[in-house]
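What follows is a single structure, written as structure tokens, with notes after it.
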Number of protein chains: 2
Amino acid sequence: MNDALAQAYPLHIATLRQRADAALEAVGREHLVIPAGHPIPKHLDDMDYPFAVHPAFKQWVPLLNAPGSWIVYTPGEKPVLIYLQPQDFWHLTPEDPNGYWVEHFDIRLIRKWEDARQHLPQDPAKCAILGQSRDGIEDFIPDAPEAVIQYLDYHRAYKTPYELIRMREASTLGARGHRAAAAAFRAGESEFGIHMAYLHAVGQTDAELPYHSIVGLNEHSAVLHYMHFDMAPPARNLSFLIDAGASSGGYASDITRTYAAPEAEDFQALIDAVDKAQRQLCDGVRAGRDYRELHLEAHQLLAGVLKDQNIVDMSPEAMVESGVSATFFPHGLGHSIGLQVHDVGGFMKNDKGDTVAQPDGHPFLRMTRSLETDMVVTIEPGLYFIDMLLARLKERPEGKHVNWNRIDALRPYGGIRIEDDVICTSGDPENMTRDAFAALD
Amino acid sequence: MNDALAQAYPLHIATLRQRADAALEAVGREHLVIPAGHPIPKHLDDMDYPFAVHPAFKQWVPLLNAPGSWIVYTPGEKPVLIYLQPQDFWHLTPEDPNGYWVEHFDIRLIRKWEDARQHLPQDPAKCAILGQSRDGIEDFIPDAPEAVIQYLDYHRAYKTPYELIRMREASTLGARGHRAAAAAFRAGESEFGIHMAYLHAVGQTDAELPYHSIVGLNEHSAVLHYMHFDMAPPARNLSFLIDAGASSGGYASDITRTYAAPEAEDFQALIDAVDKAQRQLCDGVRAGRDYRELHLEAHQLLAGVLKDQNIVDMSPEAMVESGVSATFFPHGLGHSIGLQVHDVGGFMKNDKGDTVAQPDGHPFLRMTRSLETDMVVTIEPGLYFIDMLLARLKERPEGKHVNWNRIDALRPYGGIRIEDDVICTSGDPENMTRDAFAALD
Ligand SMILES: [Mn+2]
Ligand SMILES: [Mn+2]
Ligand SMILES: [Mn+2]
Ligand SMILES: [Mn+2]
Ligand code: NI
Ligand code: NI
């Protein structure tokens, strides 16, 4: 992978420089300055929260743990990396900058965070400074000009070949974890035990993962943001939903799989039907396609599953129209992904800050842009048996078309979600997640 | 354990009420109000840092994951718990309050965080409100009066029997993890693999542990705050230092052990000598003893080890006097521990904000109070071979009394620390850590 990264990085950095040139021109500033940031201390404590580097910083250099460092870019000049390498006997001295990216930077080593000031541009007013005010030094305080952020956020949706290599690697790591988690599920482990198996196989800690894993057994699969890990396994492991990703050089994967116990043939049939619909939706990740429309197609397909599986006796069209499909599929089809698992810019119409609204009745959709080559999105349809939403449906006229016996039989299994990360290309979509699983076989 | 907690809790809450009465009287306020706090969002992201509850909140109720909740205490009245229990289909509804502590509170369930305002006292000016401004609602903003904080911090050093039960349990969980980690070391695992074994055995995630574990193999044991986990095992596992704790109901344990490979007999002898000194220091945790003096005794004992082990050829007194012992033992002997691993109030002379200075030349000591019954402190002497400090020593006149050949032979082993959590009683000290390990045998 390192050779491929080295080959792809020059174009990556050239692309970032072009974007920075344009963003700076739009606001008439001379330098783009990006702090890595600092760890946030816990209130009244001498402990910090895990460090989270500024996403724009890690886009330039794959340094995820260099708090107090800065990037300074001036059009026409080699970008400067102010690299904080403290030397004290308490901490491991951060390693010297090394690897494929180093030659593209003018690197200034500093020993104390306040020493950065002398390497930063003299006049802050001539800079667009990203970050938060807490990242500032003396007179050099982030102002994060909105026009700059909008420009960069909008263009961040288009991934460079370098970024795609990183995201394929994140998918590979995630798939490895998912395989270990599935084996732990089959071995009857608890949610906590499955989570541990996942971390061990990926080789990343919770803080290194791009998001908090969801590991739900049985009815817990119906809790969309289930953040807990039960220590004790349930009496029987009926079903298992895992939504967990991995990171490579600061880029995320976001993968969901759902499994049934061997004897749960009925639920397995439902998983298979959702899987089929999901593959069809992945095939819709094509340049020119409106993502909102793909989301509505997901409703149509999932409503078809509800009908075929004898859960709701209505036409798919009527289910979508009346909102019945949203009882079972209440979230959005997916989102842009990259430096952040929910990447920025999902609602942007252009790089000037105009936005595209969600379709009526779909407030949770995180992506309304039309798809274009080099975008990466998740495709994550699901079907869930959520008590709160089912109770509301029962009260409505459409409730009488619902096969409540079948629903009661399915409730203990919770729900299903299948989520892949898909690259929109100029030809067929590239499904990084399916490719990663296939490579493990 | 639950029976014991139920029995001990009434006295615990009575103690907290008395302290609150006195703290409020000192500032002439009518109510003590403590927010649990809110999760902190990551910059420009839709993800939060792991939630860390306000330490004062979890002292009243063992709710570690109830953001948006509040405690309101008014002298003479049952304390009020405003408990945020949101109901939405995204998240698991937090469980109903249950357990030994519930009957001691007037519990008000709310569904939205802003609904707390109606249950909070009408006039914020009559309240001492702990927490940060970001925890506030409308006009009800934390002011955290210094005199209240000082009073509560000072008295927090004296643990109630309930708190000691919690801390013994935290020690038991930690010891379990340490045993698993030691086995993983012996099996030749990487630092990351050992860390996973630790988490799995304790049954807690990184965010649930009281602090970031230190897992150092070989020379990494010499990095005092080693925060990294190497993925690959070294060619040979020579030595292993693990500083890792666990939590019970919000109370911490803080345990360090050091191991040598079977063939490393010389280093094992050094471990044994530090262990002997550590036991002697633990025996010094007695009411009336000045912790600063115990720290200086540690220097004396460790200097004796350096002499006996043929590492430095000076009298122990001369080593301590000249600062040579600090080359090998550069940190403090320990600290108060409880709701936070480094508990508050370690420098306080009284509950009015006066402090006790560190002994000259010992800037890293975190505890300068005299020991009293019901205090809990760590005792964590160590000896390390730290390149940066050894290089300085070599330049000094005392450098010629150092056996550099022996030091070079020991460098690859890194260092040694042995840390126990010890209760100061009216009689012999109670070493919770040694007791917890012994109970596993
Ligand atoms: Mn997703
Ligand atoms: Mn996901
Ligand atoms: Mn400690
Ligand atoms: Mn420790
Ligand atoms: Ni959530
Ligand atoms: Ni540190």
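Return the residue satisfying two criteria in turn: it lies in region B:23-48 and is touching a helix residue (DSSP H, G or I) at 6+ places or on another chain (Cβ under 9 Å) and in a strand (DSSP E or B), and of such residues it is nearest to the other protein chains (Cβ to nearest Cβ). The residue in question is B:Pro35. With respect to B:His119, determine if the residue is touching a Phe, Trp or Tyr at 6+ places or on another chain (Cβ under 8 Å), within 26 Å of B:Asp243 (Cα to Cα) and more than 11 Å from chain A (Cβ to nearest Cβ). Judged against the criteria, B:His119 is not a match. Tallying residues that are away from chain A (no Cβ under 14 Å), open to solvent by less than 40 Å² (accessible area, probe 1.4 Å) and assigned to a loop (DSSP other than H, G, I, E, B) within region B:366-382 yields 6. May I ask you to verify whether B:Pro41 is open to solvent by 10 Å² or more (accessible area, probe 1.4 Å) and in contact with a Leu (Cβ under 9 Å, 6 or more places away or on another chain)? So B:Pro41 does not fit the description; no. Could you tell me whether region B:70-87 includes any residue that is within 22 Å of the chain's Cα centre (by Cα) and more than 11 Å from every other protein chain (Cβ to nearest Cβ)? No: region B:70-87 contains no residue that is within 22 Å of the chain's Cα centre (by Cα) and more than 11 Å from every other protein chain (Cβ to nearest Cβ).
I'd like the residue in region A:330-350 that is away from ligand 1 (no atom under 11 Å from the Cβ) and away from chain B (no Cβ under 12 Å) and, out of all such residues, is most open to solvent (accessible area, probe 1.4 Å). Among those residues, the one meeting the criterion is A:Lys349.
Taken over region A:137-170, residues that are touching a Pro at 6+ places or on another chain (Cβ under 6 Å) and in a helix (DSSP H, G or I) amount to 0. There is no residue in region B:239-254 that is within 14 Å of chain A (Cβ to nearest Cβ), surrounded by fewer than 24 Cβ atoms within 10 Å (Cβ to Cβ) and without any contact (Cβ under 8 Å) to a residue 60 or more places away in the chain.
One line per residue, one yes/no per condition, for (1) open to solvent by less than 10 Å² (accessible area, probe 1.4 Å); (2) within 14 Å of another protein chain (Cβ to nearest Cβ):
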site	(1), (2)
A:Ala128	yes, no
A:Pro142	no, yes
A:Ala180	no, yes
A:Glu191	yes, yes
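Of the residues making up region B:388-401, those that are in contact (Cβ under 8 Å) with a residue 40 or more places away in the chain and either within 14 Å of chain A (Cβ to nearest Cβ) or in contact with a Phe, Trp or Tyr (Cβ under 6 Å, 6 or more places away or on another chain) (or both) are B:Leu389, B:Leu390, B:Arg392, B:Leu393. Determine whether B:Ser248 is away from ligand 4 (no atom under 16 Å from the Cβ) and within 18 Å of B:Val341 (Cβ to Cβ). So B:Ser248 passes the test.
Only one entry of A:Asp21, A:Asp48 meets the criterion of being open to solvent by 10 Å² or more (accessible area, probe 1.4 Å), among the acidic types (Asp, Glu) and within 26 Å of the chain's Cα centre (by Cα), and that entry is A:Asp48. If you check B:Tyr100 against the conditions, is it in a helix (DSSP H, G or I), at pLDDT 95 or above, outside the structural domain of B:Thr373 (by TED's automatic domain parsing) and among the aromatic types (Phe, Trp, Tyr)? It is false that B:Tyr100 is in a helix (DSSP H, G or I), at pLDDT 95 or above, outside the structural domain of B:Thr373 (by TED's automatic domain parsing) and among the aromatic types (Phe, Trp, Tyr).
Looking only at residues that are within 22 Å of B:Met388 (Cα to Cα) and among the acidic types (Asp, Glu) in region A:89-120, which one is surrounded by the most Cβ atoms within 10 Å (Cβ to Cβ)? Looking at the filtered set, the residue picked out is A:Asp115.
Against the conditions (1) open to solvent by 30 Å² or more (accessible area, probe 1.4 Å); (2) in a helix (DSSP H, G or I); (3) of a type in the set (Gly, Ala, Ser), A:Ala8 satisfies every one except (1). Which of the residues belonging to region B:70-119 are farther than 22 Å from B:Leu32 by Cβ and among the polar types (S, T, N, Q)? Result: B:Gln85, B:Gln87, B:Thr93, B:Asn98. With a requirement of 3 or more residues that are assigned by TED's automatic domain parsing to the domain that holds A:Asn237 and within 21 Å of A:Asn218 (Cβ to Cβ), the helices (runs of 4 or more DSSP H) lying completely within region A:260-326 that satisfy it span A:265-282.
Output yes when any residue across region A:349-363 is free of Cβ contacts under 8 Å to residues at least 60 places away in the same chain, of a type in the set (A, V, I, L, M, F, W, C) and either within 16 Å of ligand 5 (Cβ to nearest atom) or closer than 30 Å to A:Gly249 by Cα (or both), and no when none is. No, because not a single residue in region A:349-363 is free of Cβ contacts under 8 Å to residues at least 60 places away in the same chain, of a type in the set (A, V, I, L, M, F, W, C) and either within 16 Å of ligand 5 (Cβ to nearest atom) or closer than 30 Å to A:Gly249 by Cα (or both). When region A:49-64 is filtered for residues that are under 18 Å from A:His342 (Cα atoms) and not in a loop (DSSP other than H, G, I, E, B), the ones remaining, listed by number, are A:Pro55, A:Ala56, A:Phe57, A:Lys58, A:Gln59.
The values are calculated or read from the model by the stated rules, or taken from the named source; none is laboratory data. Predicted model only: the values in this text are computed from it and were never measured. FYI the Cβ positions are ideal-geometry reconstructions off the backbone, even for glycines, and counts take in every protein chain you see. To get the accessible areas, we keep the full protein, side chains included, count just its heavy atoms, and leave off ligands, DNA and RNA. Shrake-Rupley method; radii C 1.70, N 1.55, O 1.52, S 1.80 Å.
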